[in-house]
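The values are calculated or read from the model by the stated rules, or taken from the named source; none is laboratory data. Predicted model only: the values in this text are computed from it and were never measured. Using ideal geometry, Cβ is built from the backbone for each residue, glycine included, and neighbour counts are taken over all protein chains shown. Quick note on the areas: whole protein, heavy atoms, side chains included, nothing else; ligands and nucleic acids left out. Shrake-Rupley method; radii C 1.70, N 1.55, O 1.52, S 1.80 Å.
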Amino acid sequence: MIKVEGLTKRYGRNVAVQGISFEVEKGQIVGFLGPNGAGKTTTMRILTCFMPPTQGTARVAGFDVLEAPMQVKQRIGYLPENPPVYPEMEVEEYLSFVGRLKGIPSAELAKRVDEVAERCSVADVRKKLIAKLSKGYRQRVGLAQAIIHNPDVLILDEPTAGLDPKQIHETRDLIRSLAGEHTIILSTHILPEVEQTCDHVVIITRGSIVATDSVQNLTSRLRGQEAVAVQVSGADEPVIRQRLEQVAGVSRVVARDTHNGLHSFEVESLPGKNVRAEVARAVVESGWNLSELRAVALSLEDVFLELTAAEKPSEGAKQ
Amino acid sequence: MNNVITICQKELKSYFASPIAYLLMAMFAIVFGFFFWNAVGYFVNVSFQSQAMGRSFPMDVNEMIIRPLLMNVSVIGLFLIPLISMRLFSEEKRSGTIELLLTSPLHDAEIIIGKWLAAVALYGCILLISGLNFFFLFAYGKPDWKPLVIGYLGLVLQAGALLAIGAFVSTLTRNQIIAGSVTFSICLLLWVFEWVAGYETSTWASVMGYMSVVRHFEPFSKGVMDTRDAVYFASMIFLGLFLTARSLESLRWRA
Ligand SMILES: Nc1ncnc2c1ncn2[C@@H]1O[C@H](COP(=O)(O)OP(=O)(O)OP(=O)(O)O)[C@@H](O)[C@H]1O
Ligand SMILES: [Mg+2]
């Protein structure tokens, strides 16, 4: 449904998105996950034909965003970061305005407005001025606006930002219920949101994709994995690290910090391997002192932070 | 075409939903009312005087009231037009609704023309107030109505040209005040360019003179419609809307 290849966007000399490629199948919900300034909004703006890419191609339902923008726009519903609402309009008036813009025939317009107002739970405020609505209601009006013409593709930029927990829950349910008939891309900073609402996740940071996988794969892959926190004294940090890296089953060793000759490491193991005993033996056999050895669970959160961190945690800790 | 109407309707509703439309109309009614009262008072005075002195030359209402008043409206327009055009695009940029417009299946030209038509229509409403005043002249005298119609045509053309330029300026910033001030300066310049042509004869002065809105409006106020003046206004409208379109396009690239 959506195919992006080698997409690059530069603002002057500043590169916002650097050669990203991904695909989204029909009916999927894909979560765009990344820290501030990662390039999520930029990518979405290119997909919605708000602005053209500097390089690369993006296709929606087989139509190129540069060559056939009208066809793309007809098939896309877009909720920008800030709901694009006119405060001086009533909710109903606004929804019919957007409906007309999207080319809904006037005979069906009233019915469609009713439907989306009902679906996005804004039916009770339909006669209210948008200026007088709370942030949560505005967000829902924004969502109603995005689905009014029943588009094939929905692009939602941080759809739950600024909502209270109950509204977040309702919005996620709504988004889930929209899947199947619509293909959805949503962006977020929040991991559980991806776990709860999306099928696929694309993790993006500083303009590049660092991971893309199904949510199931990613979580199961990470759930089985564990890390061990170790504190060792008796040798220099690089020596210890080298030794730990040689232990069978260890995938990665990260040096944390050093206090009074006591070096802390985090040892990550390959999935399904328990390396605690081997790590302990390696340290003792080298004649060093083992002060602490403790398992730490590696959550999706950690992986996300690790994948997206601007600096390696160890480097940050040393400063 | 439908899209143009949709945009135009929405824009007009926005004008009338906020106090801006009523405020402009009230401002105009007061200022123009004063000019009107002044002009009529002067006319009556002069008529009495000439009668008292036994000279009864025919007093021309068109020449003595309508023409100067139309010139006044033209000048008041220079002040009102920036206030009408300043929000056209800058407000959409500021609030982010520009994202809705530019990602909906409609052409940039439809957005621009819809908005411009709405602005011209609002100015038309303001002009109607002055029309009301002129209506009294017809109730009490017998002015020629043809020059008046041509005069109004000129006023609408002038507003169309300046509003097109104002629309362009408002695409350049998300700040309404800036958009308004810049447009006002341009309007003012296009007005005072005429003065240079009054005493200078260099090429630059004649170019400035040609650009002057007043010079091209004046014949309309006399009830004379010259194609050269109509062409001037039409090209200004075209230029303004064209620049708006280009600016909207580059907005996408810069966004
Ligand atoms: N109009 C612009 N002009 C110049 N640079 C921009 C512009 N918009 C975004 N950028 C830059 O592009 C990069 C990506 O921004 P983008 O808005 O796509 O990030 P994001 O992932 O949506 O972040 P957030 O989570 O904060 O919404 C940032 O470094 C930002 O500073
Ligand atoms: Mg963003």
*Describe numerically, in nm with one decimal, the distance between label points set 7 Å from Cα along Cα→Cβ at B:TRP195 and at A:ASN150.*
6.4 nm
_Net charge contributed by nearby residues that have their C-beta within less than 11 Å of B:LYS13 (K/R +1, D/E -1)_ = -3
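Please sort by residue number the trypsin sites (Lys or Arg not before Pro) in segment B:55-125 whose DSSP state is loop and whose Cβ has at most 16 other Cβ atoms within 10 Å.
Here the sparse-neighbourhood loop sites are B:ARG55.
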*Picking from B:ALA21, B:ALA118, B:ALA205, which is most flexible by a Gaussian network model of chain B using Cα springs under 10 Å?*
B:ALA205
*Within-14-Å neighbourhood charge of B:ALA119 [Cβ basis; K, R +1; D, E -1]*: +1
*Beyond 28 Å between alpha-carbons counts as too far, so tell me which of A:LYS102/B:LYS13; A:LYS40/A:LYS273; A:LYS9/A:LYS135; A:LYS3/A:LYS166; A:LYS135/B:LYS10; A:LYS40/A:LYS102 fall in that bin.*
A:LYS40/A:LYS273; A:LYS9/A:LYS135; A:LYS3/A:LYS166
_Mean projected area (nm²) of the alpha-carbon convex hull when segment B:1-96 is viewed from all directions_ = 8.6 nm²
_Efficiency of FRET between A:LYS111 and A:HIS259 - r from beta-carbon atoms, R0 60 angstrom, step 0.05_ = 0.30
*Over segment B:32-148, what per residue volume does the convex hull of the Cα atoms give, in whole Å³?*
115 Å³
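Set the Förster radius R0 to 35 Å, insert the Cβ-Cβ distance between A:ARG10 and A:GLN196 as r into 1/(1 + (r/R0)^6), and round the FRET efficiency to 0.05.
Once rounded, the FRET efficiency stands at 0.50.
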*Obtain the nm distance between the two label points defined at A:ASN217 and B:VAL207 by a simple spin-label model: each point lies 7 Å from its Cα along the Cα-to-C-beta direction.*
6.5 nm
*For segment B:2-254, what relative contact order do you get, as a whole percent, if you take Cα pairs closer than 8 Å and at least 6 residues apart?*
27 percent
*Which of A:SER96, A:SER286, A:SER187 moves most in a GNM of chain A, Cα contacts under 10 Å?*
A:SER286
*Could you state how much accessible area B:CYS125 has, in square angstrom rounded to the nearest 10, with a 1.4 Å probe and all protein chains kept in place?*
40 Å²
*Any idea what angle helix B:145-171 forms with the longest principal axis of chain B, computed on alpha-carbon atoms, 0 to 90 degrees, nearest 10?*
30 degrees
*Quick one: angle between helix A:135-147 and the longest Cα principal axis of chain A, in degrees between 0 and 90, rounded to 10, please.*
70 degrees
_Tell me the net charge near A:GLU285. Cut-off is 12 Å between Cβ atoms, A:GLU285 excluded, with +1 for each Lys or Arg and -1 for each Asp or Glu._
+1
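Give me the Å³ per residue figure for the convex hull around the C-alpha atoms of segment A:226-297.
For segment A:226-297, the hull spanned by Cα atoms encloses 71 Å³ per residue.
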_Taking the full set of protein chains and a 1.4 angstrom probe, give the accessible area of A:VAL65 in square angstrom, rounded to the nearest 10._
10 Å²
*Given Cα pairs under 8 Å that are at least 6 residues apart, what percent is the relative contact order of chain A?*
18 percent
*Taking amide hydrogens as modeled 1.01 Å from N in the peptide plane, which residues meet the under 5 Å criterion relative to A:LEU66, leaving out close sequence neighbours?*
A:ALA58
*asked:* Taking 2.2 N^0.38 Å as the expected size of a compact globular protein, what ratio does the Cα radius of gyration of segment B:130-255 give against it, to two decimals?
replied: 1.26
_Principal-axis tilt of helix A:165-178 within chain A, Cα atoms, nearest 10 degrees_ = 70 degrees
*asked:* Given all pairs of different Cα atoms, what value in angstroms does the Kirkwood hydrodynamic radius of segment A:1-147 take?
replied: 16.7 Å
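In percent, how large is the relative contact order of segment A:226-297, given Cα pairs closer than 8 Å and 6 or more residues apart? Kindly include the intermediate steps, with their values, before the conclusion.
Values: 135 pairs, mean separation 33.9, N = 72.
Relative contact order for segment A:226-297 comes out at 47 percent.
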_Ignoring solvent entirely, what values of log10 I(q)/I(0) come out of the Debye formula for the protein assembly as shown at 0.09, 0.10 Å⁻¹ when each Cα is a single scatterer?_
-0.82, -0.92
*asked:* Run the numbers for B:LYS142 and B:VAL75: contour at 0.36 nm per residue of separation, minus the present Cα-Cα distance, in nm.
replied: 21.5 nm
*In deg cm²/dmol, rounded to 500, what helix-only [θ] at 222 nm does the protein assembly as shown give when every DSSP H run of at least 4 residues adds -39500 (n - 2.57) and the total is split over its residues?*
-18500 deg cm²/dmol
*State, to one decimal in nm, how far the label point of A:ASP173 lies from the label point of A:ALA131, with both points 7 Å from Cα in the Cβ direction.*
3.4 nm
*Taking a temperature of 10 °C and a viscosity of 1.306 mPa s, what whole-number D in µm²/s does Stokes-Einstein yield for chain A with Rh from Kirkwood over alpha carbon pairs?*
72 µm²/s
*Using alpha carbon centroids, what distance separates segment A:124-151 and segment B:9-47, in Å?*
38 Å
_Tell me the total accessible area that B and A bury against each other, 1.4 angstrom probe, in square angstrom rounded to 100._
2500 Å²
*On alpha-carbon atoms, Rg over Rh for chain B using Kirkwood Rh?*
1.03
*Which whole number gives the average count of other chain Cβ atoms within 10 Å of the Cβ atoms across peptide B:90-97?*
3
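Report, for segment A:2-215, the % of DSSP beta bridges that are antiparallel, rounded to 5.
For segment A:2-215, the DSSP antiparallel bridge percentage is about 50.
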*asked:* Need the C-alpha centroid separation for segment B:216-234 versus segment B:62-110, integer Å.
replied: 21 Å
